[in-house]
Amino acid sequence: MERNKLLVGTGKGLVIFQKQYGNWKIEKSLFIGMPVSYVYIDERTDEWWVSITHRHWGQKLHHSKDRGQTWTAIPMPRYPADAKLKSGKAATLRKIWAFSHAGNDRPGELYLGTEPGGMFHSKNNGQTFQLMEALWNHPTRQDQWFGAGRDHPFIHSIVVDPRDSNHFYIAISCAGVFETTDGGVNWKPKNKGLVAAYLPNPNVEVGHDPHLLLACGSNPDIMWQQNHCGIFRTTNGGEYWENITGKDDFPNYGFALAIEDDQPDMAWVIPATSDEMRVAVDLSLCVCRTEDAGKTWTSLRKGLPQENCFDIVFRHSFAKAKGTLAFGTTTGNLFLSQDYGDSWVVLSNYLPRVECVAFA
Amino acid sequence: MAQIRFTSALKRFYPDLKPLELEVSSISEVIASIEEMYPGLTDYLVDEQGALRKHVNIYIGENLIEDRTNLKDIVNPSDEVLIFQALSGG
């Protein structure tokens, strides 16, 4: 299916771009004035989901079965009253960070990753959600999970194995990558090889900060992560993570990551200077691509601003559909490439802060 | 009966929202009555444990309510109750 729409979730609404005769133009804006924090396209059904994180009114979720023509508000997932935070207070939904279908053999089943540190499961296409209790009660949670830039840990990546829907991974900031092979009954940390440079023991089993986790469609045992402490890749389903951060002062910090499903050695990142300096490196925006599993990285700058640029790119603000890539920045710029990142064009310089992008 | 008024910001989500006159004796009863008349609206005001959302305020007369967790503040028939959001910039 050709993905001829680009959905851009911003701090003040959802902006929809439409591809026409090779050009991408704004078709319309929806939810104007509202902070659209996440957009998900269910590839099984082409249904759209939009998450809105209101400043005052809490987290909301909207669903469209007709590619954005009409929308239905969905009752929000609820933490049970006995789901307690480390402080002893009852957990309440702060934000939806991740959304995934549960596998092609599970029609109507969905997963949500949330803050504080929860995962919810729906068996009726989002009409109701249940907290996945085994993960919530994981023995590492109380003492080894913690928030990163937020008050509480949050689950921002959900990767379901297309070969076996009982097998999936999640990534938590901060805790790390966890795997289940029985549909969420049992969970194991999968963080060997990762580095948590901010902790007294950088090689802890739990306490890592993956910023985004993706699996290769043609070989799901190959996964990539842009981590707080570098770029990592595994070829064995997370048994061991290899640090593939570039050498020679190549920046290791960032949030955004895209991978090529048909070429397991190919990926893109968009570096920021550092944890302490969250701006484009040398105030010059670049996308970095590897075609050899991270042995070498190429900086791609054609069409991107090369001076006085403060932009960084959030974890869900970089999307790919075959050779077309798009990313939106914290200062409201939106860029698109139709040649695997070799060159870029500006789609807009006037958006609010971009929170997420998705092709549809 | 107590007079209940709302911030105009809520009309974005509930365009038919109007001031109410309610026979209630507490803020929790106000919230329950609102939910009956405007299903789903209380999800904008309180979290799933029933506590007032952090950036939502309720006044009884000129006083902010004290019990944001269980909403047990007393409402008298002569009271005016104002429900609004905390002001913010950006």
Taking region A:158-207 and keeping only residues that are among the β-branched types (V, I, T) and either free of Cβ contacts under 8 Å to residues at least 24 places away in the same chain or assigned to a strand (DSSP E or B) (or both), one is left with A:I158, A:V159, A:V160, A:I170, A:I172, A:V177, A:T180, A:T181
Strands (runs of 3 or more DSSP E) lying entirely in region A:265-360 (those with 3 or more residues that are under 30 Å from A:D42 (Cβ atoms)):
A:267-272, A:287-290, A:318-321, A:324-328, A:334-337, A:345-348, A:354-359
Give the residue that is farthest from the chain's Cα centre (by Cα), with candidates limited to residues of region B:27-55 that are more than 11 Å from chain A (Cβ to nearest Cβ), surrounded by fewer than 18 Cβ atoms within 10 Å (Cβ to Cβ) and touching a residue at least 12 places away in the same chain (Cβ under 8 Å).
B:M37
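Conditions (1) in contact with a Pro (Cβ under 6 Å, 6 or more places away or on another chain); (2) within 14 Å of chain B (Cβ to nearest Cβ); (3) within 28 Å of A:T331 (Cα to Cα), marked per residue:
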{"site": "A:M1", "(1), (2), (3)": "no, no, no"}
{"site": "A:L7", "(1), (2), (3)": "no, no, yes"}
{"site": "A:Q18", "(1), (2), (3)": "no, no, yes"}
{"site": "A:M34", "(1), (2), (3)": "no, yes, yes"}
{"site": "A:T45", "(1), (2), (3)": "no, no, no"}
Output yes when any residue across region A:217-227 is over 28 Å from A:L61 (Cα atoms), in contact with a Lys or Arg (Cβ under 8 Å, 6 or more places away or on another chain) and surrounded by 22 or more Cβ atoms within 10 Å (Cβ to Cβ), and no when none is.
yes
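Listed here are the residues, each with its yes/no results for (1) closer than 21 Å to A:P189 by Cβ; (2) open to solvent by less than 10 Å² (accessible area, probe 1.4 Å).
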site	(1), (2)
A:N203	yes, no
A:I231	yes, yes
A:K247	no, no
A:A272	no, yes
A:L283	no, no
Whichever residue in region A:90-118 is in a loop (DSSP other than H, G, I, E, B), within 14 Å of chain B (Cβ to nearest Cβ) and touching a strand residue (DSSP E or B) at 6+ places or on another chain (Cβ under 6 Å) and, among such residues, is nearest to A:H152 (Cα to Cα):
A:R94
Select from region B:56-89 the residues that are away from every other protein chain (no Cβ under 14 Å) and either open to solvent by less than 80 Å² (accessible area, probe 1.4 Å) or at positive phi (or both) and list them in ascending order.
B:Y59, B:I60, B:G61, B:I65, B:D67, B:L71, B:D73, B:V75, B:N76, B:D79, B:V81, B:L82
Failed item, numbered, when A:S64 is tested on (1) within 14 Å of chain B (Cβ to nearest Cβ); (2) open to solvent by less than 10 Å² (accessible area, probe 1.4 Å)
(1)
Go through (1) basic (K, R); (2) more than 15 Å from A:H54 (Cβ to Cβ); (3) out of contact with any helix residue (DSSP H, G or I) (no Cβ under 8 Å at 6 or more places or on another chain) for B:K72 and report which single condition fails.
(3)
Selection from region A:208-230 of residues polar (S, T, N, Q) and in a loop (DSSP other than H, G, I, E, B) yields A:S218
Given the structure, is A:G176 more than 20 Å from A:E43 (Cβ to Cβ) and not basic (K, R)?
yes
The number of residues in region B:74-90 that are part of a loop (DSSP other than H, G, I, E, B) and within 12 Å of the chain's Cα centre (by Cα) is 1
Conditions (1) part of a loop (DSSP other than H, G, I, E, B); (2) in contact with a Phe, Trp or Tyr (Cβ under 6 Å, 6 or more places away or on another chain) -> B:N70 fails only (2)
In region A:65-77, how many are of a type in the set (D, E, K, R) and out of contact with any strand residue (DSSP E or B) (no Cβ under 8 Å at 6 or more places or on another chain)?
1
For B:S8, the lone unmet condition from (1) surrounded by 18 or more Cβ atoms within 10 Å (Cβ to Cβ); (2) closer than 16 Å to B:Y59 by Cβ is (1)
Test result for A:G68, touching a residue at least 12 places away in the same chain (Cβ under 8 Å) and either farther than 25 Å from A:L213 by Cα or of a type in the set (K, R) (or both)
yes
Residue list for region A:17-54, filter: outside any loop (DSSP other than H, G, I, E, B), closer than 12 Å to A:A360 by Cβ and either among the acidic types (D, E) or free of Cβ contacts under 8 Å to residues at least 40 places away in the same chain (or both)
A:Q18, A:K19, A:E27, A:D42, A:E47
For the structure I just gave you, tell me whether A:W57 is open to solvent by less than 30 Å² (accessible area, probe 1.4 Å) and part of a loop (DSSP other than H, G, I, E, B).
yes
Within region A:155-194, which residues are buried (at least 21 other Cβ atoms within 10 Å of the Cβ), aliphatic (A, V, I, L, M) and farther than 22 Å from A:Y38 by Cα?
A:L194
Scan of region A:234-245 for residues that are surrounded by fewer than 22 Cβ atoms within 10 Å (Cβ to Cβ) and not β-branched (V, I, T), ordered by number
A:N236, A:G237, A:E239, A:Y240, A:E242, A:N243
Which one is surrounded by the most Cβ atoms within 10 Å (Cβ to Cβ), of the residues in region A:295-326 that are within 18 Å of the chain's Cα centre (by Cα) and among the aromatic types (F, W, Y)?
A:F318
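The values are calculated or read from the model by the stated rules, or taken from the named source; none is laboratory data. The structure presented is a predicted model; accordingly, all values stated were derived computationally and were not measured. Ideal geometry is used to build each Cβ from the backbone, glycine not excepted, and the neighbour counts take in all protein chains shown. The accessibility values were calculated without ligands, DNA or RNA, using every heavy atom of the protein model including side chains. Shrake-Rupley method; radii C 1.70, N 1.55, O 1.52, S 1.80 Å.
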